[in-house]
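For reference, the structure discussed in these notes is given below.
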Amino acid sequence: MATGLEALGSLRGAIEAAEGDATEPTRLLYIPPASISITQTKENIEDRRQWAKGFDGLVNVYPGMEDVTVTLTGVPMSFEDAGFWWCMWAKSGSAAGSVIDTSGYERTWTPSQTSSVVGTGVESLHLQYGATDLLGTVGWSIPGLVGENLSLHFRKRASGTDTGVTMDMTFRTASAASQITAFDGSLSDRTQTMALGQQLLAYVDTTSGGLGGTADTSITEFDLNWNRPAIFHDGMDGTATHTTMHRGYAEVTGSFLRQFSDKTELDAYIGTDDAKTLRAIRVEAVGGLVGSSTAYNTIRADVVGKLTDPGTIPELVDGLWYQRFGITGHYDATVGASSELYTLNDVSAAYDTA
């Protein structure tokens, strides 16, 4: 009997040619068990009456607007696939990478400051999900997904199923989710090379032009959040789905845990002459060789901003003194945004075509 076994779950996806067109999945997507949540809600429209028939005033319930959210948590970042997901926050990384060192391909994801339109500033995603033993009964197809919140987590200390380099993602759509009884297309497994906590390097500088110049081995944890809340326009079009989805607001925040053996970051938070000190933070994982001699698998996150939360002083971790600083990104002309993501890998094909 089909039971929908977790071990037989399968997630497939593609960047869409146009928002909501449900482009046939081009790749298997690898996520940990129990990491996906699909929320498909139908608003309730209630007929409640004061009608002298007793205490039950509810006469009927009608379906209202449909809203769909997909959440993924604790997804390990692979050098090959992390950037595929990021395209739903920044289109700039979706094309074929620039060749470096013969067989390495580098890409950057810089959020557009002028457009949240699918195909211009961001990409949209079509996902299909189900358990292979239950797919003949039901699976789900969800087109038009655009990134709402992206949280990247970097930890040197990792073990078990935690690689130390993971991400959480929330997607929203103006389209409806549909039930399916078969996956579209025929796909094969792809190589995945995981970024690991032991590969991490951290840098803190005072100018965006100096990003990556000053190593800081006192940092043990770093989190970066890209938040672009969905705004829906619900025009009268005779349907129960949102008419269009927009991203009119964005905020980049982060935090890092640093050994409290000096006052460098505390002084930067307090500032001098009524001005806090600019922080340009880079954290990257560097893996194995993918070029002929100098190109290595790389995942990199940059943020430029000011420290806005000093945390508790001290924060005790395993009996040692640390401090967790919060940072809020602000626009930087050199970067072209408050934050930027980068990969170097051996993936030559564009994410939006393969």
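Computed from the coordinates by the stated procedures, all read-outs in this text should not be read as laboratory data. Keep in mind that what you see is a predicted model, and the values were worked out from it rather than measured. Cβ atoms come from the backbone with ideal geometry, glycine included; neighbour counts cover every protein chain shown.
Overall, the chain carries a charge dipole of about 240 debye about its Cα centre when +1 sits on the Cβ of Lys and Arg and -1 on the Cβ of Asp and Glu, all other atoms neutral. Cα gyration tensor of the range 145-229, axes a ≥ b ≥ c as square roots of the eigenvalues: rounded (a/c below 1.5), prolate (a/b > b/c) or oblate? Judged from the Cα gyration tensor, the range 145-229 comes out prolate (a/c at least 1.5, a/b above b/c). Placing a label point 7 Å from the Cα of Ile100 along the Cα-to-Cβ direction, the residues of the range 319-354 with a backbone N closer than 15 Å are 340-348. In terms of other Cβ atoms within 10 Å, Glu24, Glu148 run from fewest to most in the order Glu24, Glu148.
The value given for the chain is a Kirkwood hydrodynamic radius of 22.1 Å, derived from the mean inverse Cα-Cα separation.
With a simple spin-label model that places each label point 7 Å from the Cα along the Cα-to-Cβ direction, the separation between Ala182 and Ala2 comes to 1.3 nm.
Using only alpha-carbon positions in the range 230-306, the gyration tensor eigenvalues give semi-axes of 39, 27, 10 Å once each is multiplied by 5 and square-rooted (largest first). Please say if the range 5-117 is rounded, prolate or oblate, where rounded means a/c under 1.5 for a ≥ b ≥ c the square roots of the C-alpha gyration tensor eigenvalues, and otherwise the choice is prolate for a/b larger than b/c and oblate otherwise? Here the range 5-117 falls in the prolate category.
For Gly147, the shell of other residues with beta-carbons less than 12 Å away shows a net charge of +1, using +1 for Lys and Arg and -1 for Asp and Glu.
Counted by Cβ distance under 14 Å from Val61, the other residues give a net charge of -1, where Lys and Arg count +1 and Asp and Glu count -1. Rg/Rh for the range 116-179 (Cα atoms only, Rh after Kirkwood) is 1.11. Counting 0.36 nm for each residue step from Val59 to Gln198 and taking away their Cα separation leaves a gain of 44.0 nm.
For the pair Thr239 and Ala354, label points projected 7 Å from Cα toward Cβ lie 3.3 nm apart.
For the range 99-117 versus the range 6-85, the spacing of their alpha-carbon centroids is 29 Å.
Adding -39500 (n - 2.57) for every DSSP H run of four residues or longer, then dividing by how many residues the chain holds, sets the calculated 222 nm ellipticity at -1000 deg cm²/dmol. Length gained on full extension, Ala34 to Asn227, computed as 0.36 nm times the residue gap minus the Cα-Cα distance: 67.2 nm. Listing Tyr249, Tyr296 from fewest to most neighbouring C-beta atoms within 10 Å gives Tyr249, Tyr296.
Once the other residues with Cβ under 15 Å from the Cβ of Pro32 are scored (Lys, Arg +1; Asp, Glu -1), what is the net sum? Net charge in that neighbourhood comes out at -4. Rg to Rh for the range 14-67: what is it, with Cα atoms only and Rh by Kirkwood? Expressed as Rg/Rh, it is 1.30.
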